[in-house]
Amino acid sequence: MPISVGAPRLLLRRLREVMAERESDLDRKIADLQAAVKLDARNAVSWQALAEAYLAEHNYGDAAKAWRAAEQAATTDPHRDRYRQARMAIEQQ
């Protein structure tokens, strides 16, 4: 079965996500998630995880930016609405 050109990037992105899930050091978790979104900026789940990591770090400005990116990457209206609500909750603080 042929491998698509983008497959290695998607595998690397998923590897970074898995590494971030297992990481207890918040700085390294954020670095892994930043790498994941660079590999696939259209993956809303990666952006959501990055936003949540920023929130855990109390970095509200970057969390709002990550929520906005998740909102833009979302493929369904319910997901887009959920990400928008999360972003707006941070921006209103």
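The values are calculated or read from the model by the stated rules, or taken from the named source; none is laboratory data. These numbers come from a predicted model, not from an experiment. Here the Cβ positions follow ideal geometry from the backbone for every residue, glycine too, while neighbour counts run over all protein chains shown. The protein model used for the area step is the full one, side chains on, heavy atoms only, and it has no ligands, DNA or RNA in it. Shrake-Rupley method; radii C 1.70, N 1.55, O 1.52, S 1.80 Å.
Points to keep in mind about this one:
- Which listed residue, of GLU71, GLU52, is within 10 Å of the chain's Cα centre (by Cα) and either at positive phi or of a type in the set (D, E, K, R) (or both): GLU52
- Residues of region 76-93 satisfying the condition of being outside any helix (DSSP H, G or I) and at pLDDT below 95: GLN92, GLN93
- Just one of the listed residues (ILE90, ILE30) is without any contact (Cβ under 8 Å) to a residue 60 or more places away in the chain and over 15 Å from the mean Cα position of the chain (by Cα), and it is ILE90.
- Top-ranked residue in region 30-60 [being out of contact with any helix residue (DSSP H, G or I) (no Cβ under 7 Å at 6 or more places or on another chain) and farther than 16 Å from ARG13 by Cβ; ranked as least open to solvent (accessible area, probe 1.4 Å)]: ASN59
- Residue within region 61-80 that is surrounded by 12 or more Cβ atoms within 10 Å (Cβ to Cβ) and among the hydroxyl-bearing types (Ser, Thr, Tyr) present: no
- Some residue of region 9-22 being modelled with pLDDT of 90 or more and among the hydrophobic types (A, V, I, L, M, F, W, C): no
- Residue, nearest to ARG16 (Cα to Cα), within region 34-65, restricted to residues that are in contact with a Ser or Thr (Cβ under 9 Å, 6 or more places away or on another chain) and in a helix (DSSP H, G or I): ALA36
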